[in-house]
Amino acid sequence: MTPALTYLFTFIAGASIGSFLNVCISRWPLELSVVSPRSRCPKCEREIRWYENVPLVSWLALRARCRGCDLPISAAYPIVELLVALGWVAAALAYGPTFTALRVAVFGTVLLGIAVTDAQHYLIPDGFTVFGFVWVLATAVVGFVLHETAPFAAPYDALIGACAGAGAIAIVGWLGEVALKREAMGFGDVTLMAVVGGALGPGRALLTVFVGALLGAIAFLGVVYPIAWIRSRRRGVPFEPPLVPFGVFLAPAALLTLLWGERAIGWYLALL
Ligand SMILES: [Zn+2]
């Protein structure tokens, strides 16, 4: 198979996985099955035919509207499909046709699902974290057998990392709750960090919490807080700082740390 054809197939596979990810994103927060029933329009309940469900293509062909009731179809669906497709191609470009490329692609896909559901619903469904946990531990063993470990943690480090990640975020949440006098973190963040620690190992799991807090602080102080303040002034209501789900920042932080964390730690140690 020519390289161009390989990447085309990778793109199509990624877009299809992204399409399934959309089903998980919309159903798991409502505790619905992702297997059945078939997808329906949320407004007119019209069943979506297979040819209306082709990733990316159908959204464009339908001009972002339901054929039954003309309800606009959110651009979030094709954006998720495109992100996953591009992510899978990027993994194949960076790691070649390897088991490692598949691990990076699946890990990134799970993190995207977690970030989107946490942003939309303030929760991290067990579907993502239970699958992710089993996936990272099982593939740590398979990768070890195949002599393909980096950039992921080896099996023993994966186990210690899962505990360190979950423990670190639980401690941060506990202290945050004491300091802010309100719930600062959900249990979903603990399960997310168990998955992240299992993938990255203990050192980079701690770095992920740090990077996630940094990303969160930048977004919160630079964007969310000022917008909320201006809005409350305009409406003349008392200002209350908005809640920002931490998983939205932990998920991209985990991917950044997986890909560049080792280099950042080396750079920092050289600086000392
Ligand atoms: Zn409809």
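The values are calculated or read from the model by the stated rules, or taken from the named source; none is laboratory data. In this text, all values refer to a predicted model and were calculated from it rather than measured experimentally. Positions of Cβ are generated from backbone atoms using ideal geometry, with glycine treated the same way; all protein chains shown enter the neighbour counts.
Brief remarks on what is shown
- Scanning region 217-235 for any residue that is within 25 Å of VAL196 (Cβ to Cβ) and surrounded by 18 or more Cβ atoms within 10 Å (Cβ to Cβ) turns up nothing.
- For region 189-206, the candidate set comprises residues that are under 13 Å from PHE249 (Cα atoms) and not β-branched (Val, Ile, Thr); within that set, the residue that is modelled with the lowest pLDDT is ASP189.
- Under the condition of being part of a loop (DSSP other than H, G, I, E, B) and among the β-branched types (Val, Ile, Thr), the residues counted in region 51-66 number 1.
- Screening ILE73 with (1) buried (at least 19 other Cβ atoms within 10 Å of the Cβ); (2) within 16 Å of the ligand (Cβ to nearest atom) gives one miss only, at (1).
- Some residue of region 86-97 being on the phi < 0 side of the Ramachandran plot, in contact with a Gly (Cβ under 6 Å, 6 or more places away or on another chain) and either free of Cβ contacts under 8 Å to residues at least 12 places away in the same chain or not aromatic (Phe, Trp, Tyr) (or both): yes
- Only residues that are modelled with pLDDT of 95 or more and part of a loop (DSSP other than H, G, I, E, B) were counted in region 106-130, giving 2.
- Selection status of ALA228, touching a Phe, Trp or Tyr at 6+ places or on another chain (Cβ under 9 Å), more than 28 Å from VAL84 (Cα to Cα) and in a helix (DSSP H, G or I): yes
- Among the residues of region 16-50, those identified as closer than 18 Å to GLU81 by Cβ, of a type outside the set (A, V, I, L, M) and part of a helix (DSSP H, G or I) are SER16, GLY18, SER19, PHE20, ASN22, CYS24, SER26, ARG27, TRP28, TRP50.
- Here VAL54, VAL23 are screened, and the one residue that is over 24 Å from ASP126 (Cβ atoms), of a type in the set (Val, Ile, Thr) and surrounded by 12 or more Cβ atoms within 10 Å (Cβ to Cβ) is VAL54.
- Candidates LEU30, LEU56, LEU60, filtered to the one that is away from the ligand (no atom under 16 Å from the Cβ), out of contact with any Ser or Thr (no Cβ under 7 Å at 6 or more places or on another chain), more than 26 Å from ARG103 (Cβ to Cβ) and in contact (Cβ under 8 Å) with a residue 12 or more places away in the chain: LEU60
- Checklist (1) within 16 Å of the ligand (Cβ to nearest atom); (2) exposed (fewer than 15 other Cβ atoms within 10 Å of the Cβ); (3) of a type outside the set (Asp, Glu); (4) under 23 Å from PHE246 (Cα atoms) applied to PRO37, failing item: (4)
- When ILE48, ILE17 are screened for being buried (at least 16 other Cβ atoms within 10 Å of the Cβ), within 14 Å of the ligand (Cβ to nearest atom) and of a type in the set (A, V, I, L, M), only ILE48 passes.
- Region 81-107, residues that are of a type in the set (Gly, Ala, Ser) and farther than 18 Å from VAL142 by Cβ: ALA85, GLY87, ALA90, ALA92, ALA94
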